[in-house]
Amino acid sequence: MNDMTLMDKTVDTQKIKIAAKDVNVYYGDSHAIKDVNVEIEDKTVTAFIGPSGCGKSTFLRCLNRMNDTIDICRVKGDILLDGEDIYDKRVDPVQLRAKVGMVFQKPNPFPKSIYDNVAYGPRIHGLAKNKAELDEIVEKSLRRGAIWNEVKDRLDAPGTGLSGGQQQRLCIARAVATEPEVLLMDEPCSALDPIATAQVEELIDELRASYSVVIVTHSMQQAARVSQKTAFFHLGNLVEFGPTGQIFTNPEDSRTESYITGRIG
Amino acid sequence: MTDLSQSPAGAAPQPRKHGGSLLEKTPRTKKRNASEARFKAYGIAAITAGLIMLLILVTTIVGKGTGAFQQTFVTLKVELLEEKLDKKGNRDIEDIKKVTTFGYAPIIKAAMEAAVAEYGIETSLKPKELAGILSKDVAAQLRDYVIANPDQIGQTVEFRFLASGRVDGYMKGRVSRDSIENDKNISPAQLDLVDALAAAGVLEKTFNLDFITGADASDARPEAAGIGVSMLGSLFMMLVVLALALPIGVAASIYLEEFAPQNWLTDLIEVNISNLAAVPSIVFGILGLAVFINYMHLPTSAPLVGGLVLTLMTLPTIIISTRASLKSVPPSIRDAALGVGASKMQAVFHHVLPLAAPGILTGTIIGLAQALGETAPLLLIGMVGFIASNAPETLADGLLAPNSAMPAQIYEWAKRADPAFYERAWGGIIILLIFLVTMNTLAVILRRRFERRW
């Protein structure tokens with residue numbers, strides 16, 4: 001990792017895509033997220049870093065209401081997507097998740113063909129009128145997932161038969177296929193080897209052109225490499241949020257500094 | 001945070017000695033090895049005992065039951081005399097039907113006499129005693145034939161008649177000249193006749209398809225009894241069970257597993273379902289009697305009622321296995337589906353259910369196999385006893401007409417007096433076991449075939 005490049009990271013001022021205000025999350029009695037305020041910009045990669053159990057994944061899952069599936073989880077505060085509260089009673093979480101796609105820590109392709117994996121989202125959302133359009137979406141998504149060249153000859157092969165890195169890129173292609181506006185990635189590279197990680201990181205950088213990407217990562221190097229903004233979580237608190245270069249070279253909070261220099265974590 | 005430099009200062013602790021040389025076993029090791037060897041021996045002994053019992057079971061069943069698949073038949077030429085069967089001679093079917101089975105007795109006696117004369121067998125038996133070696137079923141068989149083919153009256157037709165149960169037992173070695181001393185149904189002279197007819201090739205023991213396809217017979221005709229009709233009874237019950245238990249069970253499990261909130265009510269339901277699986281089947285039988293027959297007035301002895309009762313019994317099995325297989329689908333698949341914006345129902349029906357299907361199927365087959373072998377509840381709803389003498393012809397008949405089921409039929413035979421029925425009970429058990437083993441094998445194959453594809 002070349003620290004010298006950090007200061008050169010361009011941070012264009014973009015419009016705010018997601019705004020979280022005083023978000024608190026409880027798992028039963030335990031208070032997992034405490035008064036988090038964060039503004040996630042459009043066409044930007046935002047990285048959430050922090051030690052294990054600090055709540056970064058929990059917060060990420062709040063952004064597309066994946067926490068709804070956990071009975072004991074309660075979310076308080078406002079999370080606004082384009083100014084609309086996603087926890088409003090009128091919001092259907094299914095519709096929200098079509099706008100805010102998600103890639104998970106462990107590659108989890110459906111045990112179906114590669115084609116069906118990617119086509120599933122467009123199918124259930126009715127994005128394609130006919131087979132030709134669907135084919136087009138699948139090809140486009142697989143290309144954006146940087147996996148088209150590897151799988152174009154075996155679209156009928158099961159997605160579970162791919163290597164770990166390929167599976168994760170397939171999952172990214174699957175998430176992209178529904179044309180979300182925000183892409184949430186929960187430690188997408190933790191199960192991948194360095195080469196696959198590099199490919200996925202390159203891909204994330206490309207995706208920035210069209211989406212707002214939020215990535216949770218354990219690897220500070222990764223955060224430094226791919227993100228423009230970084231948020232540091234510690235024990236459920238958002239300790240510091242700012243341009244990646246600043247967080248890594250000139251953190252304001254002593255806890256951030258301790259973490260990035262490896263003294264806590 | 002771990003820091004190796006923070007280990008306590010001072011003298012480094014000495015490692016503990018584990019005996020002397022590695023080449024010598026310490027007493028502790030010897031003891032441990034001995035107990036391991038002992039445990040292995042216990043295990044092998046247990047398995048051996050189990051296998052021996054299984055072997056004894058299978059040999060007994062096969063040894064005692066194969067006899068039921070063979071039957072002694074007598075081939076006779078019968079002259080269908082017009083003056084006995086159709087006195088008016090105008091082949092009016094109503095007139096022919098007026099001749100009861102008693103009217104056929106002389107014809108059968110005559111046919112026996114003719115056969116004895118033809119093969120030159122010397123016997124002091126009277127015609128009635130000659131015919132005594134044939135089954136009491138013969139007259140009915142003859143009458144059915146004549147009613148079906150009235151144009152054959154006046155001709156001589158060759159028939160294959162069932163020999164009586166005693167003769168059949170003699171041919172199979174169950175009945176001997178000693179054992180019939182006090183038996184009024186057969187005499188030593190008749191056995192001589194049987195020997196002579198067997199030598200002449202008129203009387204022979206062959207494969208008995210009628211046992212597999214036929215209906216039960218009354219106490220006096222064990223040789224005519226078959227398990228076929230009760231097999232149909234079982235089949236119709238299984239249809240009812242499948243049609244009710246599978247959809248209800250799967251729907252209940254999907255709701256409980258995927259949609260229901262976790263609260264005291266669902267917990268209570270869960271506990272009750274698990275408990276239902278342990279309720280003795282006879283309880284379901286008396287419930288069926290009280291609810292389906294006495295209260296809802298469904299017909300007694302009907303496979304529909306049997307099926308309903310067995311459905312109650314099978315439901316917990318299906319629900320438990322379905323929930324287990326739904327649980328075994330990794331949550332990452334649900335997350336994946338929800339993550340691309342599928343609704344909960346879409347996630348379940350598009351992804352979770354197909355992956356759980358092999359497990360559900362296996363559970364269903366095992367539940368059905370259990371239901372197929374169940375006897376106790378059938379006793380209470382009247383599906384045991386000499387019930388159906390004809391195979392049902394329509395689906396409604398199959399469901400509503402009184403019938404028995406395979407295990408109930410076996411129970412019925414086992415409690416009758418004539419040892420010929422006892423043999424048939426064993427034969428029925430062979431058939432029932434073939435069904436059960438087939439179903440369980442199918443379940444195993446399905447499980448292997450579709451095991452874990454993620």
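Things to note:
- Residue satisfying all of: in segment B:221-268; away from chain A (no Cβ under 14 Å) and charged (D, E, K, R); surrounded by the most Cβ atoms within 10 Å (Cβ to Cβ) among these: B:E223
- Among the candidates B:L432, B:L395, residue that is farther than 18 Å from B:G214 by Cα and either surrounded by fewer than 17 Cβ atoms within 10 Å (Cβ to Cβ) or in contact (Cβ under 8 Å) with a residue 12 or more places away in the chain (or both): B:L395
- Residues satisfying the stated conditions in segment B:317-328, i.e. buried (at least 22 other Cβ atoms within 10 Å of the Cβ) and among the hydrophobic types (A, V, I, L, M, F, W, C): B:I318, B:I319
- B:Y170 over 22 Å from B:A420 (Cβ atoms), outside any loop (DSSP other than H, G, I, E, B) and among the hydroxyl-bearing types (S, T, Y): no
- Being basic (K, R), in contact (Cβ under 8 Å) with a residue 12 or more places away in the chain, assigned to a loop (DSSP other than H, G, I, E, B) and closer than 30 Å to A:T256 by Cα holds for only one residue in A:K43, A:K76, and it is A:K43.
- Those residues of segment A:224-265 which are touching a Phe, Trp or Tyr at 6+ places or on another chain (Cβ under 8 Å) and part of a helix (DSSP H, G or I), in sequence order: A:A224, A:I247, A:R255, A:T256, A:Y259, A:I260
- Any chance A:D71 is more than 12 Å from chain B (Cβ to nearest Cβ), at pLDDT below 90 and not in a helix (DSSP H, G or I): no
- When B:A376 is tested against (1) within 14 Å of chain A (Cβ to nearest Cβ); (2) within 21 Å of B:F236 (Cβ to Cβ), just one condition goes unmet, and that condition is (1).
- Candidate set from segment A:48-57 (those that are surrounded by 24 or more Cβ atoms within 10 Å (Cβ to Cβ) and under 13 Å from the mean Cα position of the chain (by Cα)); member that is farthest from A:G262 (Cα to Cα): A:K56
- Just so you know, in segment B:330-358 the residues that are within 10 Å of chain A (Cβ to nearest Cβ) and of a type in the set (V, I, T) include one that is surrounded by the fewest Cβ atoms within 10 Å (Cβ to Cβ), and it is B:I333.
- Some residue of segment B:393-413 being part of a helix (DSSP H, G or I) and farther than 21 Å from B:V241 by Cβ: yes
For (1) closer than 28 Å to A:P111 by Cα; (2) touching a Cys at 6+ places or on another chain (Cβ under 6 Å), each residue gets a yes or a no:
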{"position": "A:P180", "(1), (2)": "yes, no"}
{"position": "A:P188", "(1), (2)": "yes, no"}
{"position": "A:Q228", "(1), (2)": "no, no"}
{"position": "A:H234", "(1), (2)": "no, yes"}
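- From the options A:V45, A:V94, A:V36, A:V23, residue that is crowded, with 17+ Cβ neighbours inside 10 Å, at pLDDT below 90 and either under 21 Å from A:Y211 (Cβ atoms) or within 19 Å of the chain's Cα centre (by Cα) (or both): A:V94
- In the set (1) over 13 Å from the mean Cα position of the chain (by Cα); (2) within 24 Å of A:K15 (Cα to Cα); (3) small (G, A, S), the condition left unmet by A:S212 is number (1).
The values are calculated or read from the model by the stated rules, or taken from the named source; none is laboratory data. All values reported here derive from a predicted model rather than from experimental measurement. Glycine gets a Cβ as well: all are built from the backbone with ideal geometry, and neighbour counts include every protein chain shown.
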